[in-house]
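Take a look at the structure below.
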Amino acid sequence: PVQTTLARMSTEGADAERIADIVISIWRDVAAALSPIIGRRGVAELYKRSIYLTRANYGWLAAVHESEVGPVEFTSLQTILSQQTSQNAAAASGVLLQTFYDLLTKLIGASLAERLFRPVWNNFSSGHAAQDTTP
């Protein structure tokens, strides 16, 4: 669902910077939802593993993996996504989020992973994450 929505946004004219902003909002929601369960370090490790696996198809993500400094810092991801084409940013972001979800599912099970992600997906689907927050 997220991959499709991001792809649609890129074809409807959202630029890479806008997509990056939305994706980082999703990542922050994911981290907030999961940190109380698996800890910030757990989220960071799953995130790093997801970057590692996803960079096989999007080599430029290696810069994110190598430059990430904090347990769950998304600054470098936002920077690198905003430097891509909107289609590339959307595609890589969708694959990255799906990879993270798949890893989490293997760790804690599909039912719990779905329950933890449901508020994040609902927020994104309802447009809250996609709303323009510029003043």
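Please give the length that would be gained between T79 and R41 if that part of the chain were fully extended, namely 0.36 nm times their separation in residues minus their C-alpha to C-alpha distance (nm, one decimal).
Length gained between T79 and R41: 11.5 nm.
Quick check: from the Cα gyration tensor, does the chain come out rounded (a/c under 1.5), prolate or oblate?
oblate
Using the heavy atoms of the protein chains and a 1.4 angstrom probe, tell me the accessible area per residue for segment 1-93 in square angstrom.
Ligands and nucleic acids excluded, the result is 48 Å² per residue.
Using 7 Å Cα-to-Cβ label points, what is the A32/R115 separation (nm, one decimal)?
2.1
The values are calculated or read from the model by the stated rules, or taken from the named source; none is laboratory data. Given the structure is predicted, the values throughout are model-derived calculations rather than measurements. In this analysis, Cβ positions are derived from the backbone assuming ideal geometry, glycine residues included, and neighbour counts consider all displayed protein chains. When the accessible area is computed, the model is the full protein with side chains, heavy atoms only, and any ligands, DNA or RNA have been set aside. Shrake-Rupley method; radii C 1.70, N 1.55, O 1.52, S 1.80 Å.
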